[in-house]
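Here's the structure we're looking at; comments come further down.
The values are calculated or read from the model by the stated rules, or taken from the named source; none is laboratory data. All values derive from a computational prediction rather than experimental measurement. Neighbour counts run over all protein chains shown; Cβ positions are idealised from the backbone, glycine included. For the accessible areas, the whole protein counts, side chains as well, though only heavy atoms, and no ligand, DNA or RNA atoms are used. Shrake-Rupley method; radii C 1.70, N 1.55, O 1.52, S 1.80 Å.
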Amino acid sequence: MRNYADTQEFILNQITQKSFKREDFSGCDLSGIDLRAVDLSGINLIGADLSGANLSGSVLVGANLSGANLSGANLQSAYLYEASLCEANLKNADLTRANLCGAFLWRVNLTKSKLWGASLCSADLSEASLNEANLIEASLIEANLMRANLIQAKLCGAILLEANLKKANLTSADLTSANLTEANLSGANLWEAKLIHAKLWDAIMPDGTIQYPQIKFC
């Protein structure tokens, strides 16, 4: 019977062998595995344990990581275009400058995660937990954040152009210099949120009113 280290090495060899055609590693224990810069496009990692794994610079285009445990994982500069991470656990994960455009992140746990400079354009983050997440200078153009929790999230300089923030919880969130042009904030909770120098032109506010370009917010 293989011990833990042997099993990890065996799985790593399977994943990295170019001639190996298996793409289903759902439910596998890959905690702490090193998959830096590996092309994992289309791989099935549903429910896999990738806690503490190093996936920095990896390519995960169209990969299925739904329900996977990625807590504390390193995903810096990872390419996750249109990947599925629904209900995955990414608490304390590092996604600095990661590309998550078009990704499916419904009910994902991104609590205290690092998403500084990350690209989340057109990503589905509905009902996601982003409490205390670092989204400084992140791009969330046309992202769906409906009913998302962003309590104490850092969104300084973030681009939320045309983002859907309906009924989102932004309590104590820092939106300093964020671009919320044409964003939909109807029903959102902005209690004690910082909106210093935020751009709210043509944005739909929590009460349903529209903020027009001639109004300056500072």
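Points worth noting:
- Matching entry among Gly42, Gly47, Gly62, Gly52 (being at positive phi, surrounded by fewer than 19 Cβ atoms within 10 Å (Cβ to Cβ), over 12 Å from the mean Cα position of the chain (by Cα) and at pLDDT below 95): Gly42
- Test for Ile151: is it at pLDDT 95 or above, under 18 Å from the mean Cα position of the chain (by Cα) and closer than 17 Å to Ala118 by Cβ: no
- Subset of segment 127-175 [hydroxyl-bearing (Ser, Thr, Tyr) and under 22 Å from Asp207 (Cβ atoms)]: Thr171, Ser172
- Residues in segment 120-150 that are open to solvent by 10 Å² or more (accessible area, probe 1.4 Å), of a type outside the set (Ser, Thr, Tyr) and over 15 Å from Asn189 (Cβ atoms): Cys121, Asp124, Glu132, Asn134, Ile136, Glu137, Ile141, Glu142, Asn144.
- For segment 109-134, a residue qualifies if it is among the aliphatic types (A, V, I, L, M), under 9 Å from the mean Cα position of the chain (by Cα) and closer than 13 Å to Leu95 by Cα, and the qualifying residues are Leu110, Leu115, Ala118, Leu120, Leu130.
- Scanning segment 151-180 for residues that are open to solvent by 10 Å² or more (accessible area, probe 1.4 Å) and in contact with a Gly (Cβ under 9 Å, 6 or more places away or on another chain) yields a total of 5.
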